[in-house]
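Here is the structure we will look at.
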Amino acid sequence: MKNTLHILRAERRLSQDDLAKLVDVSRQTINAIEREKYDPSLPLALKMGKVFNKKVEEIFFLEKEK
Amino acid sequence: MKNILKNFSFPHKGKILIASTIFLFAPMFLLQIIIASVGLEKSGAITRPLFLVSSLLACVGFIYCSIGYHFQIMQGDELKLKIHLESLNIAFTTTLVFLFALIFVFLNFAPTMLNYILVILAVIAIIAYVLGAEFVKEKYE
């Protein structure tokens, strides 16, 4: 699964640590998601959608969809 | 009960883990001292309750820590939970493979070693979990 997390984070000038604190996970989790090594759970994806004020499918999408 | 466990944070897990380990191994060292001071024949009366109490305390301590760490991981970071679950999977599979292999080897070549199979498997499971966690961590780094 692909994501635009690093772009959204850069747009809002948030560090991985800042985002981690906002969604209540570790910085390592954010790093693993950004590097597409780990797919987040649905609650975490929804929390991220809320932080960036975007729909989940705008942040996370399957490779074919792009 | 579920709410009590959810709100209880299982404090002092690290200290209790160390204390439990000491309670588990202390009798082995104390045994030598007791035998040396009162003699082998009379030592039974002292060592039996000593072993009972210390192993009971160690057992209760280890159970407390197991439940405490379980809830800590369940309520914590989701990547850490995934690493924990995958490591448990590796540890379980490894232990199962070793169980069958050791039963075959011990039954045919060293039947008396069957007495120690649980201890051997426990050590294998702990080593497999630790190595598995390192292996799984690398996957997500």
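Read the figures in this text as sums done on the coordinates, not as results from a lab. Since we're looking at a predicted model, the values are computed, not measured. Note: ideal-geometry Cβ built from the backbone for every residue, glycine included; neighbour counts use all protein chains shown.
Some notes on this structure:
- Counting every other Cβ atom within 10 Å of each residue's Cβ, B:CYS65, B:CYS59 order from fewest to most as B:CYS59, B:CYS65.
- Here chain B is treated as a Stokes sphere of Kirkwood radius computed over C-alpha pairs; at 25 °C and 0.890 mPa s its diffusion coefficient rounds to 135 µm²/s.
- For the stretch B:30-43, the Karplus equation 6.51 cos²θ - 1.76 cosθ + 1.60, evaluated at θ = phi - 60°, returns couplings of 5, 3, 4, 5, 5, 4, 5, 8, 10, x, 5, 5, 8, 5 Hz by residue, with Gly and Pro reported as x.
- Out of every Cα-Cα pair that the stretch B:1-75 contains, those further apart than 16 angstrom amount to 57 percent.
- Rg ratio (alpha-carbon, reference 2.2 N^0.38 Å) - chain A: 0.99
- Fraction in percent of alpha-carbon pairs per bin - 10 Å, the protein assembly as shown: 7, 21, 24, 21, 14, 8, 4, 1, 0
- For B:VAL130 and B:LYS42, the difference between the fully extended length at 0.36 nm per residue and the C-alpha to C-alpha distance is 27.4 nm.
- Label-zone membership for the stretch B:53-89, site B:LEU99, 7 angstrom Cα→C-beta point, backbone N under 17 Å: B:88-89
- Adding -39500 (n - 2.57) for every DSSP H run of four residues or longer, then dividing by how many residues the protein assembly as shown holds, sets the calculated 222 nm ellipticity at -26000 deg cm²/dmol.
- Exceeding the 23 Å Cα-Cα cut-off - candidates B:LYS13/B:LYS139; B:LYS15/B:LYS137; A:LYS21/A:LYS64; A:LYS47/B:LYS13; A:LYS21/A:LYS54: B:LYS13/B:LYS139; B:LYS15/B:LYS137; A:LYS21/A:LYS64; A:LYS47/B:LYS13
- Sequence of B:ILE73, B:ILE34 once ranked by neighbouring C-beta atoms within 10 Å, starting from the fewest: B:ILE73, B:ILE34
- Cα gyration tensor category, rounded, prolate or oblate, for the stretch B:94-141 with a/c compared to 1.5: prolate
- With neighbour counts taken as other beta-carbon atoms within 10 Å, the residues A:ILE59, A:ILE33 rank, fewest first, as A:ILE59, A:ILE33.
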